[in-house]
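The values are calculated or read from the model by the stated rules, or taken from the named source; none is laboratory data. Everything numeric here is computed off the predicted structure, so don't read it as measured data. Note: ideal-geometry Cβ built from the backbone for every residue, glycine included; neighbour counts use all protein chains shown. All accessible areas refer to the heavy atoms of the entire protein, side chains included, with ligands and DNA or RNA removed. Shrake-Rupley method; radii C 1.70, N 1.55, O 1.52, S 1.80 Å.
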Amino acid sequence: MTNQKPTIVLVHGAFAESASWNGVIARLHEHGVHAIAVANPLRSLASDAAYVRDVIASVDGPVVLVGHSYAGMIITQAAADSSNVVGLVYVNAFVPETGQSAFDLSTSAPGSTLGDTLAAYPVATGGNEFVIRPELFHDQFAADVPEDVTDIMAATQRPVTQAALSEALATDRPAWKHIPSWHVFGDQDRNIPVAVLRAGAARASSRGTTEIAGASHATSVSNPEAVAATIAEAGKAYVASSAQTAA
């Protein structure tokens, strides 16, 4: 690999969609950084990770892989054996160990109120999928985002299957163990307890952790500058390391 700027691949989590990265992408583009927002299927951890791995494989050159929320599970799996992923960024995201699921991690510390806001619907392939009830979406998911924005976010949220949230990380080589990671999250996250987010950053020996006071689960929407700055740190670290290697 050369010291070219990495492409940023952004993966949304449950109850969001790819446009949730719009503010982050706009700020990355201002600095000439190319970014791709993946349309995450949210069907199963294995298939979601396989899809993201296909996207990564289509990129010519190094990749910084970014995951929000449940997508922390996905990037940990997808990057495990992807040779062009040079950095990971976890945004209010799970940092799983082998054998852990999103459900496991979300209940590993008190504080999540997500379960009380969900509606479940059966899917033809079996089991249920979940959405956040629209009237509760603002307070639960994005309390620091204007309600006219969260009304649209609630209407466009992508549901996640119960199977995806219950599926354990399969790889015996979680990506954060061998790829440097950066972490950014809000301390008022009502989906994932902040203690879980802090523990994840510590587990991964974070190269840089940004904790935003008063920020909700939807940090990429409410604080795109902070998220973009964290991604930029990861990209710059790769370029600096690559230049050192070439010298």
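Assorted remarks:
- Summed over segment 18-49, residues that are of a type in the set (S, T, N, Q), closer than 20 Å to L169 by Cα and open to solvent by 50 Å² or more (accessible area, probe 1.4 Å) total 1.
- Looking across segment 111-154, the residues that are farther than 28 Å from A49 by Cα and either of a type in the set (F, W, Y) or part of a loop (DSSP other than H, G, I, E, B) (or both) come down to A143, D144, V145, P146.
- The set of residues in segment 100-118 that are in contact (Cβ under 8 Å) with a residue 40 or more places away in the chain and acidic (D, E) contains only D104.
- Here I192 clears all of (1) within 21 Å of A16 (Cα to Cα); (2) surrounded by fewer than 19 Cβ atoms within 10 Å (Cβ to Cβ); (3) in contact with a His (Cβ under 9 Å, 6 or more places away or on another chain); (4) of a type in the set (V, I, T) except the condition numbered (2).
- Matching residues in segment 206-247 - criterion: being more than 16 Å from the chain's Cα centre (by Cα), under 22 Å from T107 (Cα atoms) and of a type in the set (S, T, Y): none
- Filter pass, T107 being touching a Leu at 6+ places or on another chain (Cβ under 6 Å) and of a type in the set (S, T, N, Q): no
- Condition check for P96: touching a Gly at 6+ places or on another chain (Cβ under 8 Å) and part of a loop (DSSP other than H, G, I, E, B): yes
- Any hit, segment 75-92, residues being touching a His at 6+ places or on another chain (Cβ under 8 Å), more than 16 Å from E167 (Cα to Cα) and assigned to a loop (DSSP other than H, G, I, E, B): yes
- Residue match in segment 198-206 (condition: of a type in the set (S, T, N, Q), farther than 26 Å from D139 by Cα, part of a helix (DSSP H, G or I) and out of contact with any Pro (no Cβ under 6 Å at 6 or more places or on another chain)): no
- Of all residues making up segment 45-61, the number that are in a loop (DSSP other than H, G, I, E, B), on the phi < 0 side of the Ramachandran plot and in contact with a Ser or Thr (Cβ under 7 Å, 6 or more places away or on another chain): 1
- Within the option set A164, A168, A175, being modelled with pLDDT of 95 or more, open to solvent by less than 10 Å² (accessible area, probe 1.4 Å), among the small types (G, A, S) and more than 23 Å from R133 (Cα to Cα) holds for one residue only, A175.
- Residue match in segment 61-75 (condition: surrounded by fewer than 20 Cβ atoms within 10 Å (Cβ to Cβ) and more than 15 Å from the chain's Cα centre (by Cα)): yes
- Filter pass, W182 being part of a strand (DSSP E or B) and either on the phi > 0 side of the Ramachandran plot or crowded, with 19+ Cβ neighbours inside 10 Å (or both): yes
- Residue match in segment 54-67 (condition: touching a Leu at 6+ places or on another chain (Cβ under 8 Å), under 19 Å from E167 (Cα atoms) and at pLDDT 95 or above): yes
- Residue in segment 8-17 that is crowded, with 18+ Cβ neighbours inside 10 Å, outside any loop (DSSP other than H, G, I, E, B) and of a type in the set (F, W, Y) present: no
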